[in-house]
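All remarks here apply to the structure that follows.
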Amino acid sequence: MAVAVQENAFGGMLERLGQLSNQRKLGLMFGIAAIIALVAGSWMWSQTPDYRVLYSNLSDRDGGSVIDSLQQMNVPYKMADGGGAILVPSNQVYEMRLRLASQGLPKGSVVGFELMDGQKLGMSQFQEQVNYQRALEGEITRSIQSLSAVQAARVHLAIPKPSVFVRDQQKPSASVLLSLYPGRTLDAAQVSGIVHLIASSVPELPVKNVTLVDQNGNLLIAAGAEGADAHAGLDPTQLDYLHQVEQSYVKRIEAILTPLVGQDNVKAQVAADLDFAKIEQTAETYKPNPVPNEAAIRSQQMSETAGDAGKPASGVPGAMSNQPPGAASAPISATGSPTGGAAAGSAASGAGAHKESTVNFEVDKTIQHIRQPVGSVKRLSVAVVVNNRKVGGGKDAKTKPLSAAELAQLQNLVKEAMGYNQARGDTLNLVNAAFSAGDVEEIPSAPLWKEPGNISLAKEIAKNLLIAALLFYLVFGVIRPILRDLAQPVHAGPHHVAEEGEEGEETAEISPQAAARAAQAAGYEENLKAAKELAKQDPRVVASVVKDWVGGGE
């Protein structure tokens, strides 16, 4: 029974569908097709991933290698910026970067020591040296490009040929061009790090032979480098040490005054003048001639000659050889006896005897090598502000200035904490004043629609709402009216309409076309009934009408 009812309903719908005009049939077909297309498109749209940039500014060689790897891993991708950027689904960006990095991609336009892997048999020594230099330049370039502030780099090495002669030996040199990211700069410490990195990568490359230039042509000077520009100011290490010294004095002052005046009631600033000059002194001092008894003997020499009175005459005969010798000359230093009389007696006792004594004393000198410490304090300037003392509590709390005795006590404490030295020109200024409570500026929180997570969520919600609105319009604005018309039964006449009304079927809503058809059916039934009544009452009239129809047909 139910099957028969369904077949009758299906047959009725087909009959009603056949009674529709061509325009309504086309509208029904268009609506159904639009719903199917919208549902399929919505499903595909929801399944389409959000693409993000995997790599940008890739060379053609790297781009081709990356695409080949993505195709092998069955990862969808897109091209952007004329092929310079590769996009992959957002949920696979970091995974793909790690997997491609394990394959050594992207390699960049710089080649490293992998260039040595393709060495061919029969290469000359010059070609091998050129490949080695290119590989070394590539490895140094990759190391520099790994820094966060460096976007690209080019390294040029000048390696001279080795020579067996020491005077002909030359040291290698390096020239580096750095391209920094927009808005990024390198300080002296970072430049020094790059210079030492390059110098340590090339054998016998001194630091002074490394030249760094940025993309604007500015020469980058490393900390501690030689040259006039290098000594124009303090290097970062000296500035850090100066800041540490000043902060150390500030902490001392605040630590000793906080227990007396309370937390946040004292502010101190210290300006230190440090001496970073490197001074070395060497002094060699000679004292006057010391007393002989107190001086140290360096060397002593004595010589003695005996007299010749008992010896026979000798020599060449003649007047000159037979004459006695003359008086002896005075010796350099005679130390035979401390007294002059004893020395004369000794000379007289031995006719012709001679003694000589030479004594050398040590020269008294002093050598001093003084090296003054670097970073010593030359002068301190200290400024301290102390808040008024708080009296009372709660809303009735008031403040009053400190007394002169309290200020003097605080000033003495600050002098002791800073190591006040009037001889070197230290200054101290301690002021007592009421602190003003400034208005705390509240930083407005970012609106919800500007947060990245909310933006993506809003896009997803808007996409789903758009799909739902289109579906609602097609279903209830196009398909439902047509299906409602098809659901109306075909009325055979007024009797059937009355029966359906009595049985409670859907007779409340009748479309204009259904009403017209019902009216036509009702008029036909009335005309047929009137014709039957006329044939019963006056058959001759009906026969005459039929005769006229037959005659007209002939």
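The values are calculated or read from the model by the stated rules, or taken from the named source; none is laboratory data. Quick caveat, the model's predicted, so the values are computed rather than measured. So basically every Cβ, Gly included, is an ideal-geometry build from the backbone, and we count neighbours across all protein chains shown. These area figures cover heavy atoms from the full protein model, side chains too; ligands, DNA and RNA do not enter into them. Shrake-Rupley method; radii C 1.70, N 1.55, O 1.52, S 1.80 Å.
Report, ordered by chain and residue number, the lysines lying within cross-link reach of K459, taken as a straight Cα distance under 22 Å and ignoring same-chain residues fewer than 8 apart.
In chain and number order, the partners are K78, K450.
Beta carbons within 10 angstrom, averaged per residue: use that to sort the peptides 169-176, 282-289, highest first.
So the peptides 169-176, 282-289, ranked by packing, come out 169-176, 282-289.
Please give the per residue accessible area of segment 124-167, computed with a probe of 1.4 Å over protein heavy atoms only, in Å².
68 Å²
Work from the charge dipole of segment 355-397 (Cβ charges, +1 for Lys and Arg, -1 for Asp and Glu, about the Cα centre) and give the residue of N360, Q372, V384 farthest towards its positive end.
Result: V384, furthest along the dipole toward the positive end.
Within segment 102-187, what whole-number % of the accessible surface is contributed by carbon and sulfur, with the 1.4 Å probe and all protein chains included in the calculation? Could you put the intermediate results ahead of the total?
Values: 3090 of 5920 Å².
Its accessible area is 52 percent carbon and sulfur atoms.
Given a 1.4 Å probe, how much area per residue of segment 25-106 is accessible, in Å²?
Working: 5210 Å² over 82 residues.
Accessible area per residue: 63 Å².
Kindly flag which residue pairs out of K171/K208; K251/K395; K278/K365; K267/K400; K267/K395 have an alpha-carbon separation exceeding 21 Å in this structure.
K251/K395; K278/K365; K267/K395
Using a Förster distance of 45 angstrom, determine the FRET efficiency expected from the C-beta separation of Q72 and V213, and round it to 0.05.
Calculated transfer efficiency: 0.65.
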